[in-house]
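Structure first, then comments.
The values are calculated or read from the model by the stated rules, or taken from the named source; none is laboratory data. Quick caveat: nothing in here was measured; it's all calculated off a predicted structure. Positions of Cβ are generated from backbone atoms using ideal geometry, with glycine treated the same way; all protein chains shown enter the neighbour counts. Heads up: the accessible areas ignore ligands, DNA and RNA and are worked out on the full protein's heavy atoms, side chains in. Shrake-Rupley method; radii C 1.70, N 1.55, O 1.52, S 1.80 Å.
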Amino acid sequence: MSEEKVHALEVGLPVPNIEDLSEETRKYWELCLEKLGMVPNVIKAYSFDDTHLRGFTTLYNTLMLGPSGLSKLEREMIAVVVSSVNHCYYCLVAHGAAVRDLSGRPELGEGLVFNHRYADLDERERAMVAFVEKLTRTPYDMMEADRQSLRDAGFSDRDIWDIANVAGFFNMSNRVASAVHLMPNPEYHAAARG
């Protein structure tokens, strides 16, 4: 059992120790330790089952790190705006740190966390986060005019597909994280604050 509190279901669904993991999952944890200096708690939480972990990480890595017309920063900005609307503590802390790190602007991460309307964004970014906010709050109200606003800001239809998929992934992840009271790693709180 992990020493730090990862989520509220640890009594019935304990986070395994690294030595108890399958070879595949242990290698993934070791890769996280090598690249990040820690194993994100979301990875620890999913590590009770290799199939669940593989599904989560495959989709995450495809959307967040795979080929796209969106930059890594833009994808992290989407994660933060979705998480802000959903008040997802875990994702706001973790992805807010990523925005601060990738942008080199701590105030950008904080602005997106609290209210993207106050963040210093260019017109392209502003169109993207407005679309993402609407998609998160009222997905049933999405219209062609919403997609056209992204095209007008310079996004391709493939970019719109990627924006929608990243937003959809984080809406799902936010709900799971909130349902199980997933706690962010302490390292995220101090990361990239200048």
When Ala130 is evaluated against the numbered criteria (1) under 19 Å from Ala164 (Cα atoms); (2) of a type in the set (Gly, Ala, Ser); (3) open to solvent by less than 20 Å² (accessible area, probe 1.4 Å), which criterion, by number, is the only one it fails? (3)
Arg158 is checked against (1) assigned to a helix (DSSP H, G or I); (2) at pLDDT 95 or above; (3) surrounded by 14 or more Cβ atoms within 10 Å (Cβ to Cβ) and fails just one. What number does that condition carry? (3)
Against the condition open to solvent by 90 Å² or more (accessible area, probe 1.4 Å) and within 17 Å of Ala179 (Cβ to Cβ), how does Val42 come out, does it pass? no
Of all residues in the range 120-155, which are part of a loop (DSSP other than H, G, I, E, B) and under 26 Å from Phe56 (Cβ atoms)? Met142
So which residues in the range 81-127 are open to solvent by 70 Å² or more (accessible area, probe 1.4 Å), at pLDDT 95 or above and hydrophobic (A, V, I, L, M, F, W, C)? Leu102
Under 7 Å between Cβ atoms, which residue pairs at least 6 apart in sequence (or on different chains) link something in the range 168-194 that is on the phi > 0 side of the Ramachandran plot with a partner that is in a helix (DSSP H, G or I) and open to solvent by 30 Å² or more (accessible area, probe 1.4 Å)? Ala192/Asp101; Ala192/Pro106; Gly194/Pro106
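A quick yes/no check of all residues on (1) within 23 Å of Ala97 (Cα to Cα); (2) among the basic types (Lys, Arg); (3) part of a helix (DSSP H, G or I):
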| position | (1), (2), (3) |
| --- | --- |
| Glu4 | yes, no, no |
| Leu13 | no, no, no |
| Pro16 | no, no, no |
| Tyr28 | yes, no, yes |
| Cys32 | yes, no, yes |
| Met38 | yes, no, no |
| Phe48 | no, no, no |
| Thr51 | no, no, yes |
| Thr58 | yes, no, yes |
Which numbered condition Ala8 misses (of (1) part of a helix (DSSP H, G or I); (2) closer than 21 Å to Met172 by Cβ): (1)
Which of the following residues is within 21 Å of Ala145 (Cα to Cα) and touching an Asp or Glu at 6+ places or on another chain (Cβ under 7 Å): Val81, Val132, Val99? Val81
